[in-house]
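What follows is one structure encoded as structure tokens, with my remarks underneath.
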Amino acid sequence: MSDVKIWAHRGAGGWDKQYAPENTMMAFEKAIEMGADGIELDVQFSKDGEIVICHDETIDRTSNGVGAVRAYTLKELKQFNFCSVHSEFGFVEIPTLREVLDFMQDKDFQLNIELKTSNYDYPGLEEAASKLVKEYGLNDRVIYSSFGYASLKKLRQCDKDAQIAILCSTDFVLQEDIEALQAIAIHPWEQLVTAENVKKWHDWGVKVNTWAVNRPERIRELIAMGIDAFITDCPDRGRKAVEG
Ligand code: G3P
Ligand code: CA
């Protein structure tokens, strides 16, 4: 059996079939039930500076509301149903990072916090996330990632111990960026992963955690290339591929 780690993308959202609404406590609970080793989620600020979990900068796609995440206070965001599409799930609240850290307390999974700062630069988000994670004493179980180099740089400046991973959807990550950030991992889009790239990144001293992969054949190919973890919408399929 491979020891490659399975991380649930936005929780166990599902892919060709929906398991739970993405980035909700329901999806995170499902991920752990399905045997995920970790959870990946996306963070942003509400209007009143609470760290909330949401992928898009607006709530239009994932809730029954409209508008920017940052246009609403946490209390207002909690009034929207973050499962507008599948009524079988009932009313589902937007979670906060604090709620997820509470959930982690008596479990042993890893958490990948993606700082969603590429389209809107939430001033202070990096420091606030780091402060909250440290308040819970969970620094060792949290990996921060972002497509935004500037965001990761801010995080490194305020948290010398943060475990940082560089997210990339193109092959432009430089070894000097990894060194400057003291990154521990690279999180490449799965199409960028080849055996040669995995070797190169490992030679640079970082782990390779790829996203987002759901087809068992592709998962097995990536495992054979030497990846360390994969991020999937279907941790149950991931578990079977790892164990099969
Ligand atoms: O962190 C990996 C992956 O989540 C990045 O893409 O768009 O799903 O946030 P996205
Ligand atoms: Ca993400």
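Values quoted throughout were computed directly from the atomic coordinates according to the rules given, and no laboratory measurement underlies them. The structure presented is a predicted model; accordingly, all values stated were derived computationally and were not measured. Positions of Cβ are generated from backbone atoms using ideal geometry, with glycine treated the same way; all protein chains shown enter the neighbour counts.
Cβ under 13 Å from Asp56's Cβ, Asp56 left aside: what net charge do those residues give with Lys, Arg +1 and Asp, Glu -1?
-1
Considering Cα pairs under 8 angstrom that are at least six residues apart, work out the relative contact order of the stretch 5-242 and quote it in whole percent.
The value is 20 percent.
Just the number, please: percent antiparallel of the DSSP beta bridges in the chain, rounded to the nearest 5.
Rounded to the nearest five, the antiparallel share is 15 percent.
Mind checking which of Tyr136, Tyr149, Val206 is farthest towards the positive end of the stretch 119-214's charge dipole, using Cβ charges of +1 (Lys, Arg) and -1 (Asp, Glu) about the Cα centre?
Tyr136
What distance in nm separates the two pseudo spin-label positions at Asp121 and Asp16, each 7 Å out from Cα along the beta-carbon direction?
4.3 nm
Suppose every Lys and Arg Cβ carries +1 and every Asp and Glu Cβ carries -1, with no other charges. What dipole size does the stretch 5-242 come out with about its Cα centre, to the nearest 20 debye?
160 debye
Which FRET efficiency value, to the nearest 0.05, is calculated for Gln191 and Ser2 with the Förster distance at 25 angstrom and r the Cβ-Cβ distance?
Rounded to the nearest 0.05, the efficiency is 0.75.
From Cα pairs below 8 angstrom and at least 6 apart in sequence, can you work out the relative contact order of the stretch 153-226, rounded to a whole percent?
27 percent
If R0 is 35 Å, what FRET efficiency do you get for Glu243 and Glu179 from their C-beta distance, rounded to 0.05?
With a Förster radius of 35 Å, E is 0.45.
Based on alpha-carbon positions alone, could you give the equivalent ellipsoid semi-axes of the stretch 1-85 from the gyration tensor, as √(5λ), descending, whole Å?
26, 14, 10
Restricting things to alpha carbons, find the Rg to Rh ratio for the stretch 135-218 using the Kirkwood radius for Rh.
Value, to two decimals: 0.99.
Any chance you could list the semi-axes, whole Å, largest first, of the equivalent ellipsoid that the Cα gyration tensor gives for the stretch 5-242, using √(5λ)?
27, 22, 15
Would you mind getting me the FRET efficiency between Glu135 and Glu76? Use the beta-carbon distance for r and R0 = 25 Å, nearest 0.05.
0.50
Between the stretch 222-240 and the stretch 154-220, how far is it from one alpha carbon centroid to the other, in angstrom?
15 Å
Report the residue, chosen from Leu97, Leu181, Leu132, that carries the largest GNM mean-square fluctuation when the chain is represented by alpha-carbon nodes joined by springs under 10 Å.
In the Gaussian network model the winner is Leu132.
So which trypsin sites (Lys or Arg not before Pro) in the stretch 66-115 pass both tests, a DSSP loop state and at most 13 other Cβ atoms within 10 Å of the Cβ?
Those that pass, being in a loop and sparsely packed, are Lys107.
Could you list the trypsin sites (Lys or Arg not before Pro) in the stretch 139-171 that lie in coil according to DSSP, counting only those with at most 13 other Cβ atoms within 10 Å of their Cβ?
Lys160
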